[in-house]
Amino acid sequence: MTDVRPRQPEAALAPAPSQAAPRGRRWRPGDLRSVASAALLPAAGLLIALALWWLVAQLELIHPAALPPPADVLAAFAERPERLLAHTRDTTGEILVGFLLSAVAGVLLGLALAASRTVERMFTPLLVAINAVPKITLGPLLVVALGWGQKPILTMVFLLCFFPIVLSTATGLTTTPAELAELVRSYNASRWQTFRKVRFPAALPQIFVGLKVAMPLAAIGAVIGEFQAGEGGLGYVIQQYAGIGDTATAWAAIMLVALVSILLYSALVLIERRSLPWLRETTSSR
């Protein structure tokens with residue numbers, strides 16, 4: 001007996017609009033809340049910090065000569081904005097150049113440490129020893145060896161940033177998930193294919209951790225270098241104006257160092273999110 005069934009209309013066979021495969025990521029209501037939080041929460045934190053600063057200054061818990069009120073710092077910036085911004089440009093350039101040099105060298109040495117146990121045993125104690133030396137004590141020696149100007153400043157930035165980048169790179173490359181390692185072995189992948197397809201991509205989150213740790217250290221290194229050997233930059237401004245008792249201008253320069261650090265760190269976080277879009281979805285619900 002032939003099974004006769006009514007023919008379904010073509011419209012019923014077509015998937016509903018909501019069931020069709022999405023062609024791209026659509027705007028969701030939660031996205032607006034996320035954008036608002038990204039903008040408003042840092043601003044709220046800044047306002048709280050400024051309010052506490054104003055309260056400490058008003059109550060004179062710290063002498064005004066050491067910590068002037070926020071209004072005085074803002075007025076000091078308004079008196080000489082072009083000069084302060086010019087020194088900010090110099091310091092920002094030193095931070096970026098020193099950070100990029102340390103990032104390239106740190107990743108390369110991290111690769112070498114991860115690739116060879118002999119190299120790791122040979123150089124790890126030396127790296128730990130160099131990192132343990134207080135960098136400010138090297139300032140006068142760097143001036144003697146390299147002279148005044150940017151060379152000792154960039155060297156100071158490099159020394160402060162180098163170790164965390166090396167450590168994070170070596171750690172990331174030597175902690176490849178076991179299931180991924182077994183997968184590439186099952187495909188008889190070469191060592192280069194294993195590195196390019198699995199080990200290095202799996203190490204990128206750790207490498208970015210080292211880079212994010214190193215970025216604020218780059219600003220610290222630039223300021224320390226400018227204290228010792230600078231002929232300009234925000235560290236030079238802090239030292240000069242604090243020496244003549246104009247602490248408001250010195251604090252304006254300190255705030256500019258903090259602002260530059262925040263902006264560069266935020267740019268690095270944005271690069272991480274663009275480079276590793278899968279990271280937040282696979283490692284955290286935040």
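The values are calculated or read from the model by the stated rules, or taken from the named source; none is laboratory data. The structure presented is a predicted model; accordingly, all values stated were derived computationally and were not measured. Cβ atoms come from the backbone with ideal geometry, glycine included; neighbour counts cover every protein chain shown. Each accessible area value is taken on the protein alone, full model and side chains, heavy atoms only, with ligands, DNA and RNA left out. Shrake-Rupley method; radii C 1.70, N 1.55, O 1.52, S 1.80 Å.
Observations
- 19 Å cut-off, amide nitrogen to a point 7 angstrom out along residue 186 Cα→Cβ, residues in the stretch 195-220: 195, 197-199, 202
- Its relative contact order, with pairs defined as Cα atoms under 8 Å and 6+ residues apart, puts the stretch 145-286 at 28 percent.
- Rounded if a/c under 1.5, otherwise prolate or oblate - the stretch 183-286, Cα gyration tensor axes: prolate
- Centre separation in Å (Cα based) which lies between the stretch 178-195 and the stretch 93-170: 32
- Counting only protein heavy atoms and a 1.4 Å probe, the stretch 117-257 has 53 square angstrom of accessible area per residue.
- Virtual spin-label span in nm between residue 278 and residue 89, 7 Å along Cα→Cβ: 4.3
- Anisotropy class assigned to the stretch 43-88 is oblate, per the alpha carbon gyration tensor with a/c at or over the 1.5 cut-off and a/b no larger than b/c.
- Filtered chymotrypsin sites (Phe, Trp or Tyr not before Pro), the stretch 208-286: DSSP coil and at most 10 other beta carbons within 10 Å: 278
- Cut-off 10 Å between beta-carbons: net charge of the residues surrounding residue 235, Lys and Arg +1, Asp and Glu -1: -3
- Projected label distance in nm at residue 143 and residue 74, using a 7 Å step from Cα toward the beta-carbon: 3.7
- Carbon/sulfur fraction of accessible area - the stretch 126-276, other protein chains in place, 1.4 Å, %: 67
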